[in-house]
Amino acid sequence: MAAALTSRQAEELKRAVYEYLVSNSCPDAAAAFMREAYLDDDVDESAANGSAANGTARTSHILEKKWTSIVRLQRKNMDLENQLAQLKEELAAGPIRANGKSSADMLPRGPERHSLEGHKLPITAVAFHPLHTVVVSASEDATIKLWDFESGDFEQTLKGHTKAVTDIAFDAKGTLLASCSADLTIKLWDVTNNYKNTKTLFGHDHSVSCVVFLPNQQLASASRDKTIKLWDLTNGYCTKTLTGHDEWVRHIAVTEDGKFLASCSNDQSARLWDLTTGESKIEFRGHEHVIECVQFVPVAAYPMVRELLDSTAPTGTAASKARDTTMPGQFLVTGSRDKEIKLWDCQTGQCLYTFRGHDNWVRSLVFHPSGKYLLSASDDKTVRCWDLKSGRCAKTIEAHGHFVTAIAWSNVSPVIATGSVENTVKVWECK
């Protein structure tokens, strides 16, 4: 068995034991130990005189000090274990509270925890791993970078695309990362195999602008070729092409149950698609410029949407009838270059509410996990937090020194990430 101590450490330990025996009036034991431990004869003299010869002064009372340190560390360890057990109980019982706030009320607060720099061109998308403390960024520099958002450390760069990487997305289990690019391709990266590129999907005729995972090993993609394609990930083949938009399809989103897909386009419209049939169910029109982003309202946000509609829509209207259900896909939101965010009824195509406050293009949208807030990123350099009950802006963060192009919320920790034209990713704590 390998020695646990170096020769120097072993020598100092022997001297400490000898000094302890001498100082506690055990001369016979000390003499016997000195002989059996092969200590120098001058140790006895130095211990008796309290001199620093041969390092004895350095080891004076070291055993007592180490003993009290161990006891103190054991007590601290027990306290930490108790705190951990208590936190686990609180987590299992309900929302964690921080600074007197429920997790449902925690919003991002400046200054940023980390500013992640390394990309050479603007950030186009950010995404959090669903299980690990990893945030991924895509850039116009044709690379994807991985970061540990807890420490702020850079982990690795994924290379393979030959032009700007326009979007990234993890699957629900966090085993696959999908990316799409202006090079007309979609790439799949195996997270469990050090993010190895395992498949490249070809089929779009122009830049691919967005990717989202669907249930049953499927992927959906949107493109500047005006189409949306559905892919079978087991073989990499395109199984269906959805057509209907007249211009570049900018962004797509899927319902929580994977039955419906929403898309938005340069043609200033959004569409709802039935993924079973591939049919366009309804078209949403009302924006006066390109629609940059679209998201389905999660079921958790329905109670807040109901309160908002109670104050804006007459009882008995189509809008109020639509809000009585808890099925996914009843509402969606869109963000546009007309600086507005609109809330839509997916049954009628009616615009239910318009969120106004941004001074430039709205680039990206994400919902608070509690469903109480909608967060938006804009070219006005801010992130805004919208209270869904009142429809008013609850908080504004001056996030970057240039256009804010992307925003994402972590499922692992109460943090968000934002990306900007200034080539940086910022991580913000929610408190």
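Values quoted throughout were computed directly from the atomic coordinates according to the rules given, and no laboratory measurement underlies them. All of these numbers come straight from a predicted model, not from anything done at the bench. Glycine gets a Cβ as well: all are built from the backbone with ideal geometry, and neighbour counts include every protein chain shown.
Only four residue types carry charge here, +1 at the Cβ of Lys and Arg and -1 at the Cβ of Asp and Glu. Report the dipole size of segment 325-431 about the Cα centre in Debye, rounded to the nearest 20.
Working: 13 positive and 10 negative charges, 45 e Å.
Computed charge dipole of segment 325-431: roughly 220 debye.
Where the only charges are on Cβ atoms (+1 Lys, Arg; -1 Asp, Glu), what is the dipole of the chain about its Cα centre, to the nearest 20 debye? Spell out each step's value before the answer.
Numbers: 48 positive and 54 negative charges, 221 e Å.
Charge dipole, the chain, about its Cα centre: 1060 debye, nearest 20.
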Open item on the list: Run the numbers for His402 and Asp205: contour at 0.36 nm per residue of separation, minus the present Cα-Cα distance, in nm.
Closed with: 67.8 nm
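Quick check: residue separation of Ala85 and Asn197 times 0.36 nm, minus the Cα distance between them. What number comes out in nm? Mind dumping the intermediate values first?
On the way: separation 112, 0.36 × 112 = 40.32 nm, distance 4.00 nm.
My answer for the length gained is 36.3 nm.
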Task: Under Karplus coefficients 6.51, -1.76 and 1.60, residue-wise ³J(HN,Hα) of segment 156-171 in Hz, glycine/proline x - done: 6, 10, 9, 10, x, 6, 9, 9, 3, 7, 9, 7, 9, 7, 8, 6
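For an R0 of 25 angstrom, estimate the FRET efficiency from the Cβ-Cβ distance between Leu131 and Thr326 and round to the nearest 0.05.
Details: r = 27 Å, r/R0 = 1.08.
For Leu131 and Thr326, the calculated efficiency is 0.40.
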Task: Most positive-pole-ward Cα, Ser311, Thr192, Leu332, against dipole of segment 108-430 from beta carbon charges - done: Ser311
Open item on the list: Which residue, Ile407, Thr239, Ser139, has the largest displacement toward the positive end of the dipole of the chain when charges sit on each Cβ (Lys, Arg +1; Asp, Glu -1)?
Closed with: Thr239
TODO: State whether segment 257-305 is rounded, prolate or oblate according to the following rule on the C-alpha gyration tensor (a ≥ b ≥ c being the square roots of its eigenvalues): a/c under 1.5 gives rounded; otherwise a/b larger than b/c gives prolate, and the remaining case gives oblate.
DONE: oblate
Open item on the list: Give me the net charge for the shell around Arg224: Cβ to Cβ below 14 angstrom, other residues only, Lys and Arg +1, Asp and Glu -1.
Closed with: -4
TODO: Treating cross-link reach as a plain straight distance, find the aspartates and glutamates whose alpha-carbon is under 19 Å from the alpha-carbon of Lys342, omitting any fewer than eight places away in the same chain.
DONE: Asp267, Glu283, Glu288, Glu292, Glu307, Asp310, Asp359, Asp379, Asp380, Asp387
Open item on the list: Give me the one-decimal nm value for the distance between modelled label points at Phe154 and Asn24, 7 Å along each residue's Cα-to-Cβ direction.
Closed with: 5.5
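Estimate the FRET efficiency between Gln217 and Ala4 by the formula 1/(1 + (r/R0)^6), using the beta-carbon distance for r and 35 Å for R0, to the nearest 0.05. Don't jump to the answer; show the numbers that get you there.
Details: r = 51 Å, r/R0 = 1.46.
Efficiency computed from Cβ-Cβ geometry: 0.10.
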Task: Cα gyration tensor shape for segment 224-275, rounded if a/c is under 1.5, else prolate or oblate - done: oblate
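Roughly speaking, what is the stretch gain from Thr175 to Lys163, that is 0.36 nm per residue apart minus the C-alpha to C-alpha distance, in nm to one decimal?
Values: separation 12, 0.36 × 12 = 4.32 nm, distance 2.46 nm.
Difference between extended and current length: 1.9 nm.
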Open item on the list: Cross-link candidates for Lys240: which lysines have Cα within less than 21 Å, leaving aside residues fewer than 8 places away along the same chain?
Closed with: Lys187, Lys199, Lys226, Lys229, Lys259, Lys281
Open item on the list: Please list 3J(HN,Hα) in residue order for segment 224-238, calculated via the Karplus relation 6.51 cos²θ - 1.76 cosθ + 1.60 where θ = phi - 60°; whole Hz, with x for glycine and proline.
Closed with: 6, 7, 6, 10, 10, 10, 10, 10, 8, 6, 6, 10, x, 8, 6
- [ ] Kindly provide the trypsin sites (Lys or Arg not before Pro) of segment 158-257 that DSSP labels as loop, not H, G, I, E or B, and whose Cβ sees at most 15 other Cβ atoms within 10 Å.
- [x] Lys163, Lys173
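Based on the Cβ-Cβ distance of Ser390 and Arg113, what FRET efficiency does E = 1/(1 + (r/R0)^6) give at R0 = 35 Å, to the nearest 0.05? Kindly include the intermediate steps, with their values, before the conclusion.
Values: r = 29 Å, r/R0 = 0.82.
Here the calculated transfer efficiency is 0.75.
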